[in-house]
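Let me begin by presenting the structure, written as structure tokens, before commenting on it.
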């Protein structure tokens, strides 16, 4: 064979082998792609893993007394791995499936045992590795019970339970301050309430969980629901809200809104010295006519404040010596036409001369407009600059979002008109101020001129340790002179004593000071109209007047039933809330002076609940006695009442005659007896004589009269 032929044979042979190999590769690719494609896709899906973010339990929000306002409650999604030994083994499964179905039916109460039995068998047949047991999430208590069910009790891996913890935010007091507490919403960019404003603290640090994708595109935890990186719980927020005062504010405001058919309203109760907001209520009428918290009007609803703004006007007039409290002004019959300006009207026809004090007490718009127009027409900057010195044109810088920048015009404002804007500003129009911004000025008067920014959060704690504390920021240490301050306090007290709300506070047990405000609301299509549905009523003030502890503002918007005047709509809300706050705050009540007439012997002390007894005598300003330092170690009985801790011998009947029911129950209960009480009043007789020895648990009847 020639060399050439030999080489060609080898080349053809090699080429043929290459073709055969290429054909085999193509055939195998087609086989993998089309014949075994589903198998390999499922395998690839099963082997796909990733880290999933695990949200931390959010921190709690507390009231000022540590009552829980918002917390995270763990709930659990439960899945089943039908490939686990407990389900995979025929003997184990068949022996337990019936009893497991019964238990699941009793727990979830959504299917019969027969339906659960069929569902378990079908899921096992399909070989699901991550079957959701039920859409309803379980509480921790329910989960503990579930782990004891047949098959599940075989353990973490054999029982097939895959538990995924989820956190649900709950408000223990339901709607109480719910808008201020706020909520977390990933779809809302801006912060909402305290939940949003302090999210960086409350949210904590997320963890990580390794998950793998299983058939159906579901992601299943690799390590039976355990996290590879544990999340760190969020910090706790201590708010300034007082639960009792918040409840009072919401109850009273809601009742008034309902009776007046108002569109919405708000109340803010603040502690004068600290600026801590004790209650903040906001209600809006929904389509069904019910009231609910939707918007935080106290913080965000800026508009014409009306006559409550006269506080700022008269402060400016007094501080710049334009008028004094006894300066006379003509009421002009409640109607006054500003030259080249608007017609100013009053509710009443004040057709006489009156002092500035009387004009303020009666809330005369005519008087306020004439005072300002006459004093500042030639120099309006003097008026607006003074208003700006009160910081009325600045935001308060609150701890939660939503506060707008106030609008208080000056001669450079685009819509300024010396003949219109200036007199209108005098009684609270041509501006935009929120209720809380207005309250800050009233609080400054109550706080001896010191203006502070209100706060809603006192402290942030993590694991019980303080992370950060907050105090009210001082906006202005002195908003006006002491002389002006004294005059304004006198005027505000005069409104309550002699003005348009004097009948309301006539029988109050405390003194109060404040100012009404009734403002027309512009209708977008008709402008300012006389329809009472387009009025906003308000009352701002503080109490007790002589030593103020609380300041408050009430705003009721668009009342549609009854009166639309602030003295009839907003002021009663202020009075009712103040009444109940005053009654609840024992620090506002001076300790009673104890006078002994005739018999000067101190009251006899029964051996009842000594702790409760001490509280009573503390309130009565009666001091407990202490042993003196004499050699005999006797008790000094000259300064009060000697308290003796009650001791009871088990099985020995104590003397309860002369006691009240509470003390008698306390004494007999501590001695180990069951009590049956008949009648009312003091204990007159007891079925077993004092000192009798009878078995514990015996019944003793006491007769009260």
Original post:
Taking region 56-77, which residues are farther than 14 Å from residue 184 by Cβ, more than 12 Å from the chain's Cα centre (by Cα) and assigned to a strand (DSSP E or B)?
Top reply: 73, 74, 75, 76, 77
Original post:
Would it be correct to say that residue 359 is touching a strand residue (DSSP E or B) at 6+ places or on another chain (Cβ under 7 Å) and either free of Cβ contacts under 8 Å to residues at least 40 places away in the same chain or farther than 22 Å from residue 323 by Cα (or both)?
Top reply: yes
**OP:** Could you pull out the residue among 338, 323 that is modelled with pLDDT under 95, more than 24 Å from residue 548 (Cβ to Cβ) and touching a strand residue (DSSP E or B) at 6+ places or on another chain (Cβ under 9 Å)?
**Re:** 338
Original post:
Quick one: which of 518, 511, 484 is in contact with a strand residue (DSSP E or B) (Cβ under 6 Å, 6 or more places away or on another chain) and in contact (Cβ under 8 Å) with a residue 24 or more places away in the chain?
Top reply: 518
**OP:** Considering each of 308, 327 in turn, give the residue that is under 35 Å from the mean Cα position of the chain (by Cα) and in the same structural domain as residue 537 (by TED's automatic domain parsing).
**Re:** 308
Original post:
Condition test on residue 691, is it modelled with pLDDT under 80, over 46 Å from the mean Cα position of the chain (by Cα) and in a loop (DSSP other than H, G, I, E, B)?
Top reply: yes
**OP:** Please tell me if residue 252 is within 26 Å of residue 288 (Cα to Cα), assigned by TED's automatic domain parsing to the domain that holds residue 291 and either part of a strand (DSSP E or B) or in contact with a strand residue (DSSP E or B) (Cβ under 6 Å, 6 or more places away or on another chain) (or both).
**Re:** no
Original post:
Which condition breaks for residue 345 when tested against (1) crowded, with 21+ Cβ neighbours inside 10 Å; (2) modelled with pLDDT under 95; (3) within 19 Å of residue 516 (Cα to Cα)?
Top reply: (1)
Original post:
What are the residues in region 231-242 that are surrounded by 22 or more Cβ atoms within 10 Å (Cβ to Cβ) and not in a loop (DSSP other than H, G, I, E, B), if any?
Top reply: 236, 237, 239
Original post:
Of the numbered conditions (1) out of contact with any helix residue (DSSP H, G or I) (no Cβ under 9 Å at 6 or more places or on another chain); (2) within 22 Å of residue 519 (Cα to Cα), residue 321 satisfies every one except a single condition; which is it?
Top reply: (2)
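The values are calculated or read from the model by the stated rules, or taken from the named source; none is laboratory data. Please read all numbers here as calculations on a predicted model, not as lab measurements. Glycine gets a Cβ as well: all are built from the backbone with ideal geometry, and neighbour counts include every protein chain shown.
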